[in-house]
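Colleague: My questions will all concern the structure given below.
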Amino acid sequence: MATKFSDNPNRPPSIVHRPSSTVHRHIVALAGGVGGAKLAHGLAQVLPPEDLTVIVNTGDDFEHLGLYICPDLDTVCYTLAGLANPETGWGRVDETWNAIANIEKLGGPAWFRLGDQDLATHLERTRRLKEGQTLSQITSDFCKAWGISQKVLPMSDSPVRTMVDSDEGVLAFREYFVHRRREPRVKGFRFDGVEVAGPAPGVREALESAEAVVICPSNPWVSIDPILKVIKTIDKPVVAVSPIIGGKTVKGPAAKMYAELGIEPSALAVARHYRTILTAFVLDNADAAIESEIKKLNIKTLVADTLMNEVQNRARLANEVLRFIGSS
Ligand code: GDP
């Protein structure tokens with residue numbers, strides 16, 4: 001059995017600034033959008049700001065209404081800044097929708113819901129990109145403006161585009177996911193530009209100074225694979241948190257996508273997918289029965305409550321993950 005910290009009488013209080021048993025030099029978190037942002041937020045609550053770098057997928061970035069949109073980067077930043085909509089996990093809290101309503105009245109595309117505050121982010125980012133600034137410079141400036149003191153880095157300043165090979169042809173990921181509502185059958189993914197896209201400034205340095213890399217509970221095939229392909233190698237301990245709980249995704253329709261790809265939606269499939277880089281794996285209590293299968297892959301395991309719908313659960317899970325890293 002893996003250590004269950006919930007059974008541990010020495011379990012730390014739910015929010016501590018440095019887990020007492022371990023001195024963490026630096027944690028690098030790899031994140032996609034909604035699931036990734038939640039654990040990144042938990043880590044941000046329990047680590048000193050200088051000890052956390054979040055590297056975010058940019059494969060979903062796309063141009064829409066003439067604007068450069070970074071769905072995962074914005075979800076992570078809004079979440080860390082406390083600006084995210086708690087209902088959806090994406091977009092801004094207290095949002096208004098005047099611009100998109102008027103675009104729709106004019107016959108323009110309204111399938112990608114852009115709120116008024118959110119639009120400001122895309123307008124200003126696009127203006128700066130057109131001036132020649134890099135995505136990482138812009139992200140750093142936006143983080144300062146939003147009061148985020150952790151480092152948030154796009155995986156690359158060069159474009160990488162996640163393309164979905166489907167029975168209706170090749171579609172850009174957001175086109176498939178939002179506009180076509182996952183209806184086309186998925187045959188596979190490719191990440192255009194990934195071979196030549198180098199890591200953004202700061203990514204290599206963060207990985208070099210990391211004690212460990214935490215793969216957040218994001219979609220492994222869509223959100224994390226592009227990051228892993230850009231950074232190419234990791235020579236630090238890697239712990240992943242399963243985005244699949246009890247054979248299901250927490251929210252969202254990824255299960256249909258998995259089935260079409262011939263992937264059984266399970267924590268075991270996630271562990272298998274990452275097995276060449278994983279030191280340790282965190283699976284949900286609901287999946288405790290498959291822990292022994294994961295151990296057979298020579299991967300250490302922690303069984304925990306990995307659902308982070310409530311903000312306090314994020315810090316609790318982050319603390320458990322950090323303790324686990326310290327003990328692994
Ligand atoms: P996207 O880019 O917005 O689709 O987001 P991600 O790739 O970061 O996350 C999608 C995955 O996050 C899905 O597989 C969800 O099951 C998972 N997820 C969302 N919320 C949670 C949570 O609270 N706990 C865990 N373990 N996984 C979650």
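The values are calculated or read from the model by the stated rules, or taken from the named source; none is laboratory data. The structure displayed is predicted, hence computed values, not measured ones. Glycine also receives a Cβ, built like all others from the backbone with ideal geometry; neighbour counts cover every protein chain displayed. Side chains included, ligands, DNA and RNA excluded: accessible areas come from the protein's heavy atoms. Shrake-Rupley method; radii C 1.70, N 1.55, O 1.52, S 1.80 Å.
Colleague: Looking only at residues that are charged (D, E, K, R) and touching a Gly at 6+ places or on another chain (Cβ under 9 Å) in the range 95-121, which one is nearest to VAL311 (Cα to Cα)?
Modeller: The first filter runs over the range 95-121 and keeps only residues charged (D, E, K, R), leaving 95, 104-105, 113, 116, 118.
Next, from what is left, pick out any that are touching a Gly at 6+ places or on another chain (Cβ under 9 Å): 95, 113, 118.
On the way: GLU95: 20, ARG113: 24, ASP118: 22 Å.
Among them, the one singled out is GLU95.
Colleague: Out of GLN137, GLN150, I need the residue that is open to solvent by 50 Å² or more (accessible area, probe 1.4 Å), closer than 22 Å to ALA210 by Cα and not hydroxyl-bearing (Ser, Thr, Tyr). Which one? Before you say what the answer is, go through the steps one by one.
Modeller: Values: GLN150 fails: open to solvent by 50 Å² or more (accessible area, probe 1.4 Å).
After ruling out the rest, the residue left standing is GLN137.
Colleague: Could I ask something else about it? Among the residues of the range 217-254, write down those that are within 11 Å of the ligand (Cβ to nearest atom), closer than 15 Å to GLY59 by Cβ and of a type outside the set (A, V, I, L, M).
Modeller: If the condition is that a residue be within 11 Å of the ligand (Cβ to nearest atom), closer than 15 Å to GLY59 by Cβ and of a type outside the set (A, V, I, L, M), then SER218, ASN219, PRO220, TRP221, SER223, ASP225, PRO226 are the ones that fit.
Colleague: Could you check, for the range 186-195, whether at least one of its residues is touching a residue at least 60 places away in the same chain (Cβ under 8 Å), within 16 Å of the ligand (Cβ to nearest atom) and among the aromatic types (Phe, Trp, Tyr)?
Modeller: Yes; the residues of the range 186-195 include at least one that is touching a residue at least 60 places away in the same chain (Cβ under 8 Å), within 16 Å of the ligand (Cβ to nearest atom) and among the aromatic types (Phe, Trp, Tyr).
Colleague: Taking the conditions exactly as written (open to solvent by less than 50 Å² (accessible area, probe 1.4 Å), modelled with pLDDT of 95 or more, on the phi < 0 side of the Ramachandran plot and not in a loop (DSSP other than H, G, I, E, B)), does LEU278 satisfy them or not? Walk me through it before giving the result.
Modeller: Details: open to solvent by less than 50 Å² (accessible area, probe 1.4 Å): yes; modelled with pLDDT of 95 or more: yes; on the phi < 0 side of the Ramachandran plot: yes; not in a loop (DSSP other than H, G, I, E, B): no.
No, not satisfied.
Colleague: Here is a follow-up. Taking the condition over 19 Å from the mean Cα position of the chain (by Cα) and touching a residue at least 40 places away in the same chain (Cβ under 8 Å), does VAL303 pass? I'd like the intermediate steps shown before the answer.
Modeller: Numbers: over 19 Å from the mean Cα position of the chain (by Cα): yes; touching a residue at least 40 places away in the same chain (Cβ under 8 Å): yes.
When the stated conditions are applied, VAL303 passes them.
Colleague: Would it be correct to say that ALA40 is within 11 Å of the ligand (Cβ to nearest atom) and modelled with pLDDT of 95 or more? If you could, list the steps in order and put the result at the bottom.
Modeller: Details: within 11 Å of the ligand (Cβ to nearest atom): yes; modelled with pLDDT of 95 or more: yes.
Answer is yes for this residue.
Colleague: Given (1) closer than 17 Å to SER218 by Cα; (2) at pLDDT 95 or above, identify the lone condition not met by TRP90.
Modeller: Against the list (1) closer than 17 Å to SER218 by Cα; (2) at pLDDT 95 or above, TRP90 comes up short only on (2).
Colleague: Give the residues of the range 96-119 that are of a type in the set (Phe, Trp, Tyr), surrounded by 15 or more Cβ atoms within 10 Å (Cβ to Cβ) and within 14 Å of HIS64 (Cα to Cα), sorted by residue number.
Modeller: Of all residues in the range 96-119, those of a type in the set (Phe, Trp, Tyr) come to 97, 111-112.
With the extra rule that they be surrounded by 15 or more Cβ atoms within 10 Å (Cβ to Cβ), the set shrinks to 97, 112.
Matches in the range 96-119: PHE112 only.
Colleague: What residue, among those in the range 290-328 that are among the hydroxyl-bearing types (Ser, Thr, Tyr) and away from the ligand (no atom under 12 Å from the Cβ), is surrounded by the most Cβ atoms within 10 Å (Cβ to Cβ)?
Modeller: It comes out as THR301.
Colleague: Do any strands (runs of 3 or more DSSP E) lying entirely in the range 167-258 carry at least 3 residues that are over 27 Å from THR134 (Cβ atoms) and open to solvent by less than 60 Å² (accessible area, probe 1.4 Å), and which ones are they?
Modeller: Values: elements: 169-172, 186-192, 212-215, 238-241.
Those strands (runs of 3 or more DSSP E) span 238-241.
Colleague: Within the set of pairs 6+ apart or on separate chains, which have a first residue in the range 156-183 that is within 15 Å of the ligand (Cβ to nearest atom), a second that is at pLDDT below 95 and open to solvent by 70 Å² or more (accessible area, probe 1.4 Å), and C-beta atoms under 6 Å apart?
Modeller: Final answer for the pair search is ARG182/LYS256.
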